[in-house]
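The values are calculated or read from the model by the stated rules, or taken from the named source; none is laboratory data. Keep in mind the model is a prediction, meaning the values are calculated, not measured. Every residue, glycine as well, gets a Cβ built from its backbone with ideal geometry; the counts of neighbours run over all protein chains shown. All accessible areas refer to the heavy atoms of the entire protein, side chains included, with ligands and DNA or RNA removed. Shrake-Rupley method; radii C 1.70, N 1.55, O 1.52, S 1.80 Å.
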Amino acid sequence: MSNNKAAWDDFWRKSDGFRHEDVYSLINKAKFDYLKSLIPPKGRSLEVGAGEAHLSAYLAKIGYETTALDYSEEALKLAETNFERQGVTGNFVVGDAFGLPFEDRSFDLVFSTGLLEHYEDPSPIVREMVRLVEPGGLFFSDIVPDKFSLLRAFKSWRRQPDGMDGFYERGFRKEEIEKILADARLHEVEVIPAGVYPPELPLLHRSATYRRLEHAFLTFTGPFWKRLDRTMIAEWLGFYYLAHGVK
Ligand SMILES: C[S@@+](CC[C@H](N)C(=O)[O-])C[C@H]1O[C@@H](n2cnc3c(N)ncnc32)[C@H](O)[C@@H]1O
């Protein structure tokens, strides 16, 4: 299983574009809404492993000075197009999460989504990200739990699912994530279970029409799913943990 720049370049080159009308677009919005509740109204943000940089685009919309970093130039091309479509501006930087090309304490918020679970040991990445946070600023990340999730019910029953078709991925226990963040000298660490969504149905979810119908259904029922965040139900069935800490 791969997880390298060439594989991600290939993935993004073949990507069919922007997730504005499927369950993942709702997940991105839900993650942003949670993040927004933790941060000041304005500031400088860095997204590491940004891909199409959906959360950065939301941040740019509320006035953040955003930087999206990825080691895949193909990802950053999509991120720039995403920003253009949304009518916002930002900075786009090619770089490696293990050696981020910025001075210490350059940002008020440093975050990632869909990145850490692709590494057996993401601690060096977390330490690098924390290095760039201004004292009093926020580190935020989601991370895939080491357990079953309802969204992926039909994809894999294994505890460490092979998520994005061929990319290395492993799940994490809540205590493991808390330790990684605490070891990176973050305070007020919180790891909350979230992301209960109905299962992605095999084959059907490849149909754009089905995805649009599902999007409409989930938009309508969104408040119900969101209310499950932080609960035992999310601990059993949630797709991700939301983890954050203050420097
Ligand atoms: C699953 S995608 C997540 C994209 C986006 N953050 C999201 O949630 O939709 C992971 C991204 O991390 C990038 N990535 C993986 N390892 C990286 C590294 N060491 N340095 C920089 N980017 C990395 C990949 O190129 C890919 O764009």
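What to note about this one:
- Flag for Gly222 being open to solvent by less than 50 Å² (accessible area, probe 1.4 Å), on the phi > 0 side of the Ramachandran plot and not charged (D, E, K, R): no
- Residues that are hydroxyl-bearing (Ser, Thr, Tyr) and under 30 Å from Ala7 (Cα atoms) within region 33-82 comprise Ser45, Ser56, Tyr58, Thr66, Thr67, Tyr71, Ser72, Thr81, listed in sequence order.
- All conditions in (1) closer than 29 Å to Leu237 by Cα; (2) not in a helix (DSSP H, G or I) hold for Glu117, with the sole exception of (2).
- Tabulated pairs, region 50-70, first among the aromatic types (Phe, Trp, Tyr), second outside any loop (DSSP other than H, G, I, E, B) and within 12 Å of the ligand (Cβ to nearest atom), C-beta under 7 angstrom, 6+ apart or interchain: Tyr58/Phe32
- Against the numbered list (1) within 21 Å of Tyr24 (Cβ to Cβ); (2) open to solvent by 50 Å² or more (accessible area, probe 1.4 Å), His54 comes up short only at (2).
- Exclusive hit being touching a helix residue (DSSP H, G or I) at 6+ places or on another chain (Cβ under 7 Å), at negative phi and in a strand (DSSP E or B), set Phe83, Phe92, Phe32: Phe92
- A residue that is more than 20 Å from the chain's Cα centre (by Cα), part of a loop (DSSP other than H, G, I, E, B) and either surrounded by 19 or more Cβ atoms within 10 Å (Cβ to Cβ) or not aromatic (Phe, Trp, Tyr) (or both) occurs nowhere in region 162-182.
- If the condition is being at pLDDT 95 or above, within 15 Å of the ligand (Cβ to nearest atom) and of a type in the set (Gly, Ala, Ser), then region 18-53 contributes Ser45, Gly49, Ala50, Gly51, Ala53.
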